[in-house]
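Engineer: Dumping the structure here so I can ask a few things about it.
The values are calculated or read from the model by the stated rules, or taken from the named source; none is laboratory data. This is a predicted model, so every value here is computed, not measured. Cβ atoms come from the backbone with ideal geometry, glycine included; neighbour counts cover every protein chain shown. The area values use the complete protein model at the heavy-atom level, side chains included, leaving out ligands, DNA and RNA. Shrake-Rupley method; radii C 1.70, N 1.55, O 1.52, S 1.80 Å.
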Amino acid sequence: MQLVVARIGRAHGIKGEVTVEVRTDEPELRLAPGAVLLTEPASTGPLTIETGRVHSGRLLLRFEGVRDRNAAEALRNTLLIAEVDPAELPEDPDEYYDHQLIDLDVVLEDGTEIGRITEISHLPSQDLFIVERPDGSEVMVPFVEEIVAEIDLEEQRCVITPPPGLIDDRAEVVSSRDNGEEA
């Protein structure tokens, strides 16, 4: 199975290094020196990582055969793709790869069907499940332990405990004013 693990940014310096936007939770494994990565577009790869270092909070990589700024700049916006065994699991039992979560059935604790995970959106503050409902509409479910109660890969389901208003229109409105009181 192929997973996008990074996107090449701009060239850094004059010796062929590039900045990368990391798209994996395991950069030390996927973006280590010696790793051979496929690319999108395919014509720019495969690329073999020669060196990697962190500079001012950004990961910088140098690839074999890329020796100057012009060659590095030519790689800009290329996606780096790692070949991953579909049976491979993250080290932490509470972590999941996106491909493990896509197509899971989403249900409430009482078994009520909500829909199916079709996409995972990785935001800076949290991840979101994009859930397609049986009627074709979509709902976004934050992937936080207060809402996602259980991920069962064997049963291919995700049990959620959503707050009022997340999956239906019946949000509870709480007012600090007493009923009947004029402002």
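Engineer: State whether the residues of the range 82-92 include one that is in contact with a Pro (Cβ under 7 Å, 6 or more places away or on another chain) and not hydroxyl-bearing (S, T, Y).
Structural biologist: There is no residue in the range 82-92 that is in contact with a Pro (Cβ under 7 Å, 6 or more places away or on another chain) and not hydroxyl-bearing (S, T, Y).
Engineer: From the set of residues in the range 60-69 that are more than 14 Å from A6 (Cα to Cα) and not acidic (D, E), which is surrounded by the fewest Cβ atoms within 10 Å (Cβ to Cβ)?
Structural biologist: G65
Engineer: Exactly one condition in (1) in contact (Cβ under 8 Å) with a residue 60 or more places away in the chain; (2) surrounded by 15 or more Cβ atoms within 10 Å (Cβ to Cβ); (3) in a strand (DSSP E or B) is not met by A72; state its number.
Structural biologist: It is condition (3) that A72 fails.
Engineer: Next up: List the number of the failed condition for E21; all other conditions in (1) within 30 Å of F129 (Cα to Cα); (2) among the charged types (D, E, K, R); (3) at pLDDT 90 or above; (4) touching a Lys or Arg at 6+ places or on another chain (Cβ under 8 Å) hold.
Structural biologist: Result: E21 passes all but (3).
Engineer: Among residues belonging to the range 140-163 that are within 16 Å of L123 (Cβ to Cβ) and among the β-branched types (V, I, T), point out the one that is farthest from the chain's Cα centre (by Cα).
Structural biologist: The extreme case among them is I147.
Engineer: May I pose another question? Given the conditions (1) touching a helix residue (DSSP H, G or I) at 6+ places or on another chain (Cβ under 9 Å); (2) surrounded by 14 or more Cβ atoms within 10 Å (Cβ to Cβ); (3) among the small types (G, A, S), report the number of the one that G13 does not fulfil.
Structural biologist: All conditions pass for G13, except number (2).
Engineer: Can you name the residue in the range 28-59 that is in contact with a strand residue (DSSP E or B) (Cβ under 6 Å, 6 or more places away or on another chain) and of a type in the set (D, E, K, R) and is also least open to solvent (accessible area, probe 1.4 Å) among such residues?
Structural biologist: It comes out as R30.
Engineer: Moving to a separate point now. Could you list, in sequence order, the residues of the range 12-45 that are closer than 15 Å to E64 by Cβ and either in contact (Cβ under 8 Å) with a residue 60 or more places away in the chain or not in a loop (DSSP other than H, G, I, E, B) (or both)?
Structural biologist: E17, V18, V36, L37, L38, T39, T44
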